[in-house]
Amino acid sequence: MDKEQRKKTIQHKLVDLGETVSSWASKNGLHQKIVSDLIDGKLKGTRGVALETRRKMEAAFGEIFA
């Protein structure tokens with residue numbers, strides 16, 4: 001999935017929840033910058049906090065990093 005598809009998938013699910021990316025991140029105890037960087041593909045999320053964030057995002061939004 002490329003960056004634009006990932007953004008559309010996340011945005012669609014967040015609209016259903018009545019959330020924004022930053023509100024969803026703060027509600028789930030995640031750093032908004034890490035979430036944004038993962039969505040934009042600037043981070044891979046292979047270790048540490050980024051990996052934990054990626055796992056939480058995949059649990060909420062599905063296989064968005066495939």
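The values are calculated or read from the model by the stated rules, or taken from the named source; none is laboratory data. Owing to the predicted nature of the structure, the values given are computational and were not obtained by experimental measurement. Backbone-built Cβ (ideal geometry, glycine too); neighbour counts: all protein chains shown. We work out accessible area using only protein heavy atoms, side chains counted, and drop any ligands, DNA or RNA first. Shrake-Rupley method; radii C 1.70, N 1.55, O 1.52, S 1.80 Å.
At a glance:
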{"item": "Leading residue by the ranking (farthest from the chain's Cα centre (by Cα)) among those in the range 36-52 that are farther than 20 Å from Asp2 by Cα and not basic (Lys, Arg)", "result": "Gly48"}
{"item": "Qualifying residues in the range 1-35 (those that are among the charged types (D, E, K, R) and more than 22 Å from Ala66 (Cβ to Cβ)) - the one nearest to the chain's Cα centre (by Cα)", "result": "Lys33"}
{"item": "Hits in the range 23-66 - residues which are without any contact (Cβ under 8 Å) to a residue 24 or more places away in the chain, assigned to a helix (DSSP H, G or I) and open to solvent by 60 Å² or more (accessible area, probe 1.4 Å)", "result": "Ser26, Lys27, Gln32, Lys33, Val49, Glu52, Arg55, Ala59"}
{"item": "Residue that is surrounded by the most Cβ atoms within 10 Å (Cβ to Cβ) [pool: residues in the range 1-22 that are of a type in the set (A, V, I, L, M) and touching a residue at least 12 places away in the same chain (Cβ under 8 Å)]", "result": "Ile10"}
